[in-house]
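K.L.:
One structure, as structure tokens, below. Some questions next.
The values are calculated or read from the model by the stated rules, or taken from the named source; none is laboratory data. Just so it is clear, the structure is predicted and the values come from calculations on it, not from any experiment. A quick note on method: Cβ atoms are made from the backbone with ideal geometry, for glycine too, and the neighbour counts reach across all protein chains shown.
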Amino acid sequence: MELWFTEKQTPDVALSCKVKRTLYRVKTHYQDLAVLDTFRFGRMLVLDGMVQATEMDEFVYHEMIAHVPMLTHASPANVLVVGGGDGGTIRELLKHPQLEEVTLVEIDPRVVEASRSYLPELSDSLEDPRVKIEYSDGVDFVRQHRSFFDVVIVDSTEPVGPAVGLFGSSFYESTFRALKEDGLMVAQTESPFFNAALISTVYRRIKGIFPLRYLYLASVPSYPSGLWSFMLGSKRYDPLEPANPCVVEDTRYYTPQVHRSSFALPRFVQRLLED
Ligand code: AG3
């Protein structure tokens, strides 16, 4: 018998993949969590029916959400990751010699547990002494900090369920305040094909708060439409003139050239950022 997992990416589009077996499934306090072993994508973390990370392509998302801000900032020592309990973003951050401390604020301890059991390539990073894990709501956590972080990375799920607050203006305002005077933030902002309105809204919000703001793109086959976006808001550093002299060689997607080219937007995407 064949087993298939289907993510309904929109009410009328779905991605299906053939499953070897279900490794883990639990209804946590916050969401429906599954780890599947699939033929094409390898192991796959699924939250509320939505693919979060797969062994085949997680490197794209995690490298791009981590290295673009880290190499834009001249000396990122103190970093906050909101969400991202799988550990993939942290694994990439730890490749930076200037990093002194990274705090992971994850609302759902079961995501970290599941990742520790089934996705060691992502979660082994969480044992590093530079990593501090806080189980709480990112919105509250960020609100309690002032001029504290060099970089904030919002590695969230979709703007439904537990992550809704992470796409709101008041969260971006608290993030601005939680950053030092030369700090910068990056948030994952979905697909320009399927979530155009969200990208326009988030850009307008970030524009009202951060002096410099940019959108950049990367190709993630397991995510809706395969083309993914990231929003960067910065107080001082311009991502098109990366200020960090370090070189990170241990990557599979990120290169300095990809960093630059990911900011070159197709016209239909540019239009999403116009007033
Ligand atoms: N966070 C963004 C995943 C969004 C995917 N959406 C979907 N499948 N509908 C990923 C977190 C990985 N650390």
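K.L.:
Taking the range 176-190 as the region of interest, how many residues are within 10 Å of VAL154 (Cα to Cα) and more than 16 Å from the ligand (Cβ to nearest atom)?
P.N.:
Residues that pass the stated criteria total 0.
K.L.:
Scan the range 95-143 for residues that are surrounded by fewer than 16 Cβ atoms within 10 Å (Cβ to Cβ) and in contact with a helix residue (DSSP H, G or I) (Cβ under 7 Å, 6 or more places away or on another chain) and jot them down.
P.N.:
Hits for the range 95-143 are GLU134, TYR135.
K.L.:
While we're looking at this one, here's another question. When you look at LEU104, is it at pLDDT 95 or above, over 23 Å from ALA243 (Cβ atoms) and more than 10 Å from the ligand (Cβ to nearest atom), yes or no? Spell out how you get there, then give the answer.
P.N.:
On the way: at pLDDT 95 or above: yes; over 23 Å from ALA243 (Cβ atoms): yes; more than 10 Å from the ligand (Cβ to nearest atom): yes.
It is true that LEU104 is at pLDDT 95 or above, over 23 Å from ALA243 (Cβ atoms) and more than 10 Å from the ligand (Cβ to nearest atom).
K.L.:
Shifting gears a bit: Within the range 68-92, work out how many residues are under 13 Å from the mean Cα position of the chain (by Cα) and either away from the ligand (no atom under 12 Å from the Cβ) or not assigned by TED's automatic domain parsing to the domain that holds PHE263 (or both).
P.N.:
3
K.L.:
Right, next: May I ask you to verify whether GLU241 is buried (at least 19 other Cβ atoms within 10 Å of the Cβ) and acidic (Asp, Glu)?
P.N.:
No; evaluated as a whole, the condition is false for this residue.
K.L.:
If I go through the range 17-47 residue by residue, how many of them are over 22 Å from the mean Cα position of the chain (by Cα), exposed (fewer than 15 other Cβ atoms within 10 Å of the Cβ) and free of Cβ contacts under 8 Å to residues at least 24 places away in the same chain?
P.N.:
8
K.L.:
Regarding ASP124, is this residue farther than 26 Å from ILE199 by Cβ and either touching a Cys at 6+ places or on another chain (Cβ under 6 Å) or more than 12 Å from the ligand (Cβ to nearest atom) (or both)?
P.N.:
On the way: farther than 26 Å from ILE199 by Cβ: yes; either touching a Cys at 6+ places or on another chain (Cβ under 6 Å) or more than 12 Å from the ligand (Cβ to nearest atom) (or both): yes.
Answer is yes for this residue.
K.L.:
Here are ALA74, ALA14: which of them is surrounded by fewer than 20 Cβ atoms within 10 Å (Cβ to Cβ), out of contact with any helix residue (DSSP H, G or I) (no Cβ under 9 Å at 6 or more places or on another chain) and in contact (Cβ under 8 Å) with a residue 40 or more places away in the chain?
P.N.:
On the way: ALA14 fails: in contact (Cβ under 8 Å) with a residue 40 or more places away in the chain.
Residue meeting the stated conditions: ALA74.
K.L.:
Looking only at the range 146-159, decide whether some residue is more than 25 Å from PRO76 (Cβ to Cβ) and either touching a residue at least 60 places away in the same chain (Cβ under 8 Å) or part of a loop (DSSP other than H, G, I, E, B) (or both).
P.N.:
yes
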